[in-house]
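Notes follow the structure.
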Amino acid sequence: MSKQGPWLDYDKVQEQIGGGGAFLMGQVPGGKLNPMTIGWGFGGTCWGRAVFLVLVRPSRYTHGLIEQSGEFAVSVPSGGMEKELSVCGTKSGRDADKIAELGLGTVPGTEVGVSTLDVPGVHYECRVVAKSRLTEMGLLSAEIADRHYPQGDLHTLYFGEVLAVHRR
């Protein structure tokens with residue numbers, strides 16, 4: 001594992017997130033690691049630093065983990081993990097230990113207290129530097145509100161400063 005970055009072929013990373021998904025990792029100190037599948041995520045520069053933006057609904061188990069720890073990691077697999085992405089996108093960490101169930105290995109973070117998955121791909125370690133909760137359906141276009149929020153449950157946007165990037 002090596003520290004590189006900050007983005008490592010970000011166009012390919014963005015394509016994987018949008019096309020197949022990535023794992024958003026939440027973990028509180030001394031607690032179990034919980035991977036959640038994401039299909040939305042963005043990276044760039046904000047406030048003079050590299051940031052990774054993820055969107056998490058408050059109803060998700062991972063939301064509470066990020067709120068408690070103020071950190072998260074994103075593991076973007078290089079491919080071939082459809083089963084794992086499906087399980088992590090359909091089961092809650094409240095009810096299952098997805099890491100054990102899938103037989104996945106983990107690697108402790110070097111800059112944050114959140115581990116990443118030990119899978120081929122690009123891995124980002126992030127510390128939350130800002131967050132914003134979508135609070136009003138009226139602020140969204142009707143098309144977005146109808147398609148993505150029919151039950152409400154508006155996302156919290158977490159801006160994570162990228163503290164380390166690894167390729168495995």
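Overview of values
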item: Within the chain, helix-based [θ] at 222 nm, where runs of 4 or more DSSP H residues each add -39,500 (n - 2.57), nearest 500; result: -6500 deg cm²/dmol
item: Lys/Arg +1, Asp/Glu -1 at C-beta; the stretch 3-167 dipole; positive extreme among GLN16, GLY103, THR62; result: THR62
item: Lys pairs, the chain - Cα-Cα below 21 angstrom, 8 or more residues apart or on other chains; result: 7
item: Selection from GLN151, LEU85, ALA164, by position along the positive dipole direction of the stretch 3-167 (Cβ); result: ALA164
item: The chain, relative contact order in percent, only Cα pairs under 8 angstrom and at least six apart counted; result: 31
item: Gain upon complete extension [ARG94, GLU143; 0.36 nm per residue less C-alpha separation]; result: 14.5 nm
item: Inter-label distance, nm, simple model (7 Å from Cα along the C-beta direction), VAL107/ASP11; result: 2.5
item: Cα-centred dipole magnitude for the chain, charges only on beta-carbon of K, R (+1) and D, E (-1), debye, nearest 20; result: 220
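Readers should treat all values here as calculations from the given coordinates under stated rules, not as data from a laboratory. Everything quoted here is computed from the prediction, not taken from an experiment. Virtual Cβ from ideal backbone geometry, glycine too; neighbours counted across all protein chains shown.
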